[in-house]
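Working notes for the structure below.
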Amino acid sequence: MKIAVYSCREDETALFEKYGKEYGAELSISSLPPIPETAHFARGCDAVNIITTPVGRELIDIWHGYGVKAIATRTVGYEHVDHEYARSLGISVSNVSYTPHTVAEYTVMAMLMSIRKMKAILTRYVGQDFSLREIRGKELCNMTVGVIGTGKIGETVIKNLSGFGCRILAYDVHEKDGLRGLAEYCGLDALYRESDLITLHTPALPDTCGMINRDSIASMKDGVILINMARGILVNTADLIEALESGKVAAAALDVIEGESSIYYKDFKYRPVGHHEMAILQAMPNVIMTPHTAFFTDEAVGDMVRYSIEHCVKAGTAAPNN
Ligand code: COI
């Protein structure tokens with residue numbers, strides 16, 4: 001089994017070497033992204049291992065021509081791969097499932113930072129403004145938290161929150177019996193109406209894209225706090241900005257934003273980013289922005305590398321079209 005590993009970061013190299021050996025796979029490792037210009041790197045390989053770069057038909061066609069049988073993405077989400085097209089050519093597409101604690105703990109951190117106005121406290125400290133003006137916070141134990149999506153991450157957020165004493169509302173099309181003692185499942189309307197803080201843990205699907213928009217925000221409590229550690233596309237960014245400016249939304253913590261894919265994980269220190277909405281949000285004292293780093297722990301990166309190799313190896317030994 002020969003695997004072409006694309007977009008390998010420095011912090012992943014040793015893990016690829018370790019798990020490549022463990023699974024008996026021969027790896028060709030590159031820091032380059034998977035784009036048509038680098039497609040040749042997968043010549044002679046049975047599988048390709050990618051991360052967040054969008055993979056469309058042109059690239060898939062070239063890999064198919066080389067005899068690639070599997071595309072493994074080291075991510076949970078796989079909307080960046082034209083998986084239906086790949087599968088129609090008999091190429092398997094797999095994603096990974098890594099420890100949900102990484103994003104769940106980050107979510108709780110973002111909630112606490114938002115309700116305690118931590119961005120203002122930290123930035124004011126840098127300017128030696130130690131006054132108490134406008135930084136009085138609230139206690140999570142007195143709040144109602146709405147969790148949208150109770151897959152592994154949403155479920156872990158609920159379990160983590162259960163120690164804080166807050167009321168927890170949950171919404172998902174598939175309700176989990178195991179969560180019933182910890183959260184009250186309800187419809188989206190009730191969740192919007194009753195939550196002081198809303199956190200998103202749902203994948204990007206046709207009916208979840210743009211679900212947080214002018215209309216849904218209007219049905220939320222005045223002064224609601226929004227947390228998005230899931231996918232930028234779930235939120236209509238222009239509508240969120242409008243709601244933050246009017247005060248309808250009191251604060252937000254966003255690890256993701258629409259249009260992030262060509263920006264995050266790159267260094268723009270000395271050049272303009274060119275994402276106007278990102279700049280507006282970043283300038284707000286009540287908005288915490290992070291560059292899609294909620295996943296980034298030793299444990300999760302280890303899982304991403306390990307399980308993506310395991311999937312390539314399994315696909316290589318499975319019957320065609322699996
Ligand atoms: C995922 O695994 O789906 C993530 O969101 C993290 C990835 C962008 C590195």
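The values are calculated or read from the model by the stated rules, or taken from the named source; none is laboratory data. Because the structure is a prediction, the values reported are computed rather than measured. Methodologically, a virtual Cβ is constructed for each residue, glycine included, from the backbone with ideal geometry; neighbour enumeration extends over all protein chains shown. SASA here: full protein model, heavy atoms, side chains in, ligands and nucleic acids out. Shrake-Rupley method; radii C 1.70, N 1.55, O 1.52, S 1.80 Å.
Rundown of residues vs (1) within 13 Å of the ligand (Cβ to nearest atom); (2) outside any helix (DSSP H, G or I), yes/no style:
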position: K266; (1), (2): no, yes
position: R271; (1), (2): no, yes
position: A279; (1), (2): no, no
position: P285; (1), (2): no, yes
position: P291; (1), (2): yes, yes
position: F296; (1), (2): yes, yes
position: G302; (1), (2): no, no
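Count of the range 55-90 residues, restricted to those that are within 16 Å of the ligand (Cβ to nearest atom), within 20 Å of L32 (Cβ to Cβ) and either touching a residue at least 60 places away in the same chain (Cβ under 8 Å) or open to solvent by 50 Å² or more (accessible area, probe 1.4 Å) (or both), is 5.
Filtered by the rule that a residue be open to solvent by 70 Å² or more (accessible area, probe 1.4 Å), more than 23 Å from G259 (Cβ to Cβ) and assigned to a loop (DSSP other than H, G, I, E, B), the range 2-54 gives S31, R43.
Please determine whether any residue of the range 213-222 is touching a Ser or Thr at 6+ places or on another chain (Cβ under 6 Å) and of a type outside the set (F, W, Y). No; the residues of the range 213-222 include none that is touching a Ser or Thr at 6+ places or on another chain (Cβ under 6 Å) and of a type outside the set (F, W, Y).
Taking each residue of the range 111-131 that is among the acidic types (D, E) and looking for partners that are surrounded by fewer than 18 Cβ atoms within 10 Å (Cβ to Cβ) with beta-carbon atoms closer than 9 Å, six or more apart or interchain, yields D129/T123. If the condition is being in contact with a Gly (Cβ under 6 Å, 6 or more places away or on another chain) and either free of Cβ contacts under 8 Å to residues at least 40 places away in the same chain or open to solvent by 10 Å² or more (accessible area, probe 1.4 Å) (or both), then the range 182-202 contributes H201, T202.
Listed by first and then second residue, the pairs with beta-carbon distance under 6 Å, at least 6 apart or on different chains, first residue in the range 13-27 and more than 14 Å from Y307 (Cα to Cα), second open to solvent by less than 60 Å² (accessible area, probe 1.4 Å), are E26/K2; L27/I3; L27/V5; L27/F16; L27/G20.
Residues in the range 107-156 that are within 18 Å of the chain's Cα centre (by Cα) and open to solvent by 60 Å² or more (accessible area, probe 1.4 Å): M109, K152. Going by the conditions given, is G210 in a helix (DSSP H, G or I) and at pLDDT 95 or above? Answer is no for this residue. In the set (1) in contact with a Leu (Cβ under 8 Å, 6 or more places away or on another chain); (2) open to solvent by less than 80 Å² (accessible area, probe 1.4 Å), the condition left unmet by K159 is number (2).
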